[in-house]
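Enquirer: Pasting a structure below so you can have a look.
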Amino acid sequence: KQKLLLDVDTGIDDALGILLAANDKDTELLGITTVNGNVSLQQATTNTLNVLALIEHSCPVVKGAETPLLRPPHFEKSVHGENGLGGALKDVEPSTLPSPGFAPDFMIEQARRYPGEVTFVMTGPLTNLALAVKKCPDLPQLLQKVVYMGGAAFTYGNITPASEYNMYVDPEAARIILQAGFPSLTQIGLDVTRQALLTNAHIDSLQTSNVKHFVKTSTAHYIKRYEQRNGVAACALHDPLAVAYAIRPDLCETQLLYTDIETSSRLCDGQTICDLQDRLQEKPNVHIALKVDVDAFISYFLTTIQHHLH
Ligand code: BDR
Ligand code: CA
């Protein structure tokens, strides 16, 4: 089984990514670390515990950073709702507690326990991993691969005209990750996630009732927002695509490019710059996903999130 650690700021699509990682039969989910992002650290942790309880899955959930490295948090309630799950599971008190410890330490511990075997999937701002790299500079060499949802090579932003949300919230952390020398670092950015759309027809086709109910209620507002902006009743499965790619690399085509991020610009903070023509003559550091097999992804997603009892 592929050993996976998931780092989340549970938000609606993070929750769908958790369903995928926890349900995939060829994946061993070593644990989930939480970070501030779409919602506060506390809320992201509560949401994570509640999503795991919904599918009766148990794994360590470890809390991480309460704020980005240098900046204040930037919650996204207009997209993800007051509780981060579009109101789903709103009044549920988690039935389990988070595990003790601090996410960056847990990351280092898992990497040292299984050298060369662990994949990290990052679906929130990159603060926890940046703290882990600062504390343990040889961490990149201990991991099999890292996949993050964030950034964009060709397309426009989704929080500012230029920038994608996860990169915008903690660009200093992202920069640490881009420069840390990971042997395999993949960006699942808006170039591909904008194509990975979940529609109401997909949701209606789900058979497992608790999962269907959760997906329907959590995405209702998210789909409306997307429709207002884009004229299509659907929502982008940003985070689930990152999880899916970590498990099924055949789902996206990537190009290895030198990539950096803007950290001090009035209009472009958080913008990822992928050097498509090798103008900077730097060593390529990120596999940038540029194409996705949408049908194969959607079918893998819909099938897998329904196997919820192991
Ligand atoms: C990313 O930002 C968040 O709103 C989503 O959960 C996803 O991780 C998309 O830009
Ligand atoms: Ca997220």
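Every read-out reported here was derived from the displayed coordinates using simple, explicitly stated rules and does not represent laboratory data. Being a predicted model, the structure only gives us computed values, none of them experimental. FYI the Cβ positions are ideal-geometry reconstructions off the backbone, even for glycines, and counts take in every protein chain you see.
Enquirer: Dipole size in debye (nearest 20) for the chain around its Cα centre, Lys and Arg Cβ +1, Asp and Glu Cβ -1?
Expert: 140 debye
Enquirer: Can I ask one more? Pull up the DSSP beta bridges for the chain and report the antiparallel fraction as a percent, rounded to 5.
Expert: Just about 30 percent of them are antiparallel.
Enquirer: Between residue 90 and residue 232, what is the label-point separation in nm under the 7 Å Cα-to-beta-carbon projection?
Expert: About 2.9 nm separates the two model spin labels.
Enquirer: For the chain, what does the alpha-carbon gyration tensor say about shape, rounded, prolate or oblate, given a ≥ b ≥ c as the root eigenvalues, a/c under 1.5 as rounded, and a/b over b/c as prolate?
Expert: Rounded, since a/c falls under 1.5.
Enquirer: Short version: ³J(HN,Hα) in whole Hz for each residue of the stretch 193-203, in order, from phi by Karplus 6.51 cos²θ - 1.76 cosθ + 1.60 (θ = phi - 60°), x for Gly and Pro, what are they?
Expert: Here the 3J(HN,Hα) series is 5, 5, 8, 8, 9, 9, 10, 4, 5, 4, 5 Hz.
Enquirer: Continuing with this model, one more query. Quick one: putting +1 on the C-beta of Lys and Arg, -1 on the C-beta of Asp and Glu, what dipole do you get for the stretch 96-149 around its Cα centre, in Debye to the nearest 20?
Expert: Here the stretch 96-149 has a charge dipole of around 60 debye.
Enquirer: Let me ask something else about it. Charges only on Cβ, +1 for Lys and Arg, -1 for Asp and Glu: so what's the dipole of the stretch 187-310 about the Cα centre, in debye to the nearest 20?
Expert: On the way: 11 positive and 14 negative charges, 106 e Å.
Taking the Cα centre of the stretch 187-310 as origin, the dipole is about 500 debye.
Enquirer: Okay, next question. Given 33, 92, 127, which one lies farthest toward the positive end of the charge dipole of the stretch 1-139, if we put +1 on the Cβ of every Lys and Arg and -1 on the Cβ of every Asp and Glu?
Expert: The residue sitting farthest along the positive end of the dipole is 127.
Enquirer: Starting from the 7 Å offset along Cα-to-Cβ, what nm value, one decimal, do you get for the label separation of residue 3 and residue 266?
Expert: Distance between the two pseudo-spin positions: 4.9 nm.
Enquirer: Same structure, new question: Computed FRET efficiency, Cβ-Cβ of residue 97 and residue 276, R0 41 Å: what is it to the nearest 0.05? Don't skip to the end; give the middle numbers.
Expert: Values: r = 47 Å, r/R0 = 1.14.
About 0.30, to the nearest 0.05.
Enquirer: Still on this structure, I have one more. Say R0 is 41 Å: what FRET efficiency, to the nearest 0.05, do residue 207 and residue 179 get from their beta-carbon distance? The partial results should precede the final answer.
Expert: Numbers: r = 46 Å, r/R0 = 1.11.
That gives a FRET efficiency of 0.35.
Enquirer: Something else: What are the residues whose amide H is under 5 Å from the amide H of residue 291, where those residues sit 5 or more places off or on another chain and H is modelled from the backbone?
Expert: Residues meeting the criterion, in which the H sits 1.01 Å from N, are 253.
Enquirer: Further question on the same structure: Residues of the stretch 163-187 with the amide nitrogen closer than 17 Å to a label point 7 Å from the Cα of residue 155, along Cα-to-Cβ, please.
Expert: What the label zone holds, given the 17 Å backbone N cut-off, is 163-168, 187.
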